[in-house]
Structure formats: structure tokens, C-alpha cells
Amino acid sequence: MTSTTPPAPRPRTALVVEDERTINDALAQRLRAEGYVVEQAFDGPSAVERAAAVRPDVVLLDVMLPGFDGLEVCRRVQAARPVPVLMLTARDDEADVLVGLGVGADDYLTKPFSMREVVARVSALLRRVERAAALADERPATLEVGGVRIDPGSRRTTVAGEAVHLTPTEFDLLLCLARAPGQVLSRERLLRDVWDWGDAWASASASRTVDSHVKALRSKVGASRIRTVHGVGYALEDLA
Ligand code: CA
């Protein structure tokens, strides 16, 4: 039996940053049950210190923290080394603000959340990152749509020759739209292809996630380049 068992995948390390101990412990306990190695931090400075020491595969990050807040933690951690971040927000509209700030969080989850949802979002985030890494290894061809140039290998973007800094999620979203120029992609399709969420996540807050990131992407590549089809989805326009 043992000879046919595939090797166990390397356990992933998650850093849970949350000052409310009961929430932090509940997250840690659930993630450990799912096979993650879990580190915990309860304030901003120790979160940055733990991230440098353990080099986690993913960070779950509360916004309101003692010391300095989750945004500052996200900036400092991302500056040292890119790592996927799932931000835990108190309100739905807080995610909009955070996306606009472009602090580099890859996903947002509004409290209160179910542990099942957290686990699903963390594993979707890790799948996305691993898929992006595999794509970078393939050195795929650069895409150009109406003056927007996207290099999936180096993950660099230019608009009319000017370099544009995109967060990992914004880049993946733009790449997905650019693969079907002019075509309207539904929010459900974007959630599946960009966020790797199953149909179970086609909720109001999931649609909001797409809308927030499109809004942020628009502000960087030019609003007219991304067409909204109300109630349906979005298309990247091949502007002359
Ligand atoms: Ca807090």
C-alpha cells in the first residue's frame, strides 16, 4: 500500500495576524486541522518580525491591530518578499478602500466569516500563486491589446509605453481580460479564472470583490479601456 501512496505535499505555512485571541486561535486551530503549519502574531510589529523569521506561504491579516495596522504590515511584508495576503476586514466597504490603496493584499474577507470560507479562500489563493509561478516558468508570449502590453513571464505591464504597477490580483485580472479582447467576461467567469473560486462563491460579496478590483485596475490602465456591461461583466477594449 505505502509504495503506491503519492508523496505527501509539503505542508504550507500560514501566518495568522489578529489581535483578538479567540479569533486568532480559532483560525489557527482550523488551519492546523487542514494540514497547515501555523504561526500566530497579535500585533503589527511582531507580525512583520514573524513573517521575516518563518517566511510563510500565506498571511491572514486583520486590518485593525495594535502597534501599526494591517496595511502597514502588508506593505512591510510585501516589500521584503512577495507573499499572498488574505486581508480580514470589518466591513464590506472597507475592502473597496483597501483595494484602492493598492497595498498588495490579494484577497479580502469580511467579518464575520465561516471557517470553511477562510479555508477555501486560503487554498484558492495558494493555487493562484502556484499557477502564476508555473506560468512564469513557461515564458509565454507578451500580449498587446490597444496599447496595453502585458508580459506574463515577468508580470510587467505598460500602458502606451509607460510602466504601470499592478498588484498580483490586478495583473491576473488584466491578463484574463486581455486573453479575450473585446469579449465580455462575466463576474462568475472572472471569479473562477482569476480568483479560482468555485460556483459556491458566486455571492454578492464575491461580485463586489470583482468590482473593487476592476475599479482599481481602471484607475491604473485608463477607465475607457475596460467596458462595463451592467449586470453581466467586463471587457478589455482594443482601443486604437
Ligand atoms: Ca483587530
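We did not get these values from a lab; they are worked out from the coordinates using the rules stated. Computed from a prediction, not measured in an experiment: that's the story for all the values here. Cβ atoms come from the backbone with ideal geometry, glycine included; neighbour counts cover every protein chain shown.
Which percentage, to the nearest 5, of the DSSP beta bridges contained in the chain is antiparallel?
Rounded to the nearest five, the antiparallel share is 50 percent.
Spelling out what I want: for every residue of the stretch 165-179, take phi, set θ = phi - 60°, compute 6.51 cos²θ - 1.76 cosθ + 1.60 (Karplus), and round to whole Hz; glycine and proline get x.
Per-residue couplings from phi come out as 8, 10, 6, x, 5, 4, 4, 4, 5, 4, 4, 4, 5, 6, 6 Hz.
Along the Cα→Cβ direction, 7 angstrom out, place labels at Asp137 and Asp69. What is the inter-label distance in nm?
Label at Asp137, label at Asp69, 3.9 nm between them.
Under a plain spin-label model, where a point goes 7 Å from the Cα along Cα-to-Cβ, how far apart in nm are Glu130 and Asp238?
3.6
Run the helix sum for the chain: -39,500 (n - 2.57) per DSSP H stretch of 4+ residues, divided by residue count, reported at 222 nm to the nearest 500 deg cm²/dmol.
Taken over the chain, the calculation gives -14000 deg cm²/dmol.
Which of Gly147, Ser219, Thr167 sits closest to the plus end of the dipole of the chain, meaning its Cα is farthest towards the positive end, when Lys and Arg get +1 and Asp and Glu get -1 on the C-beta?
It is Gly147, whose Cα lies furthest towards the positive end.
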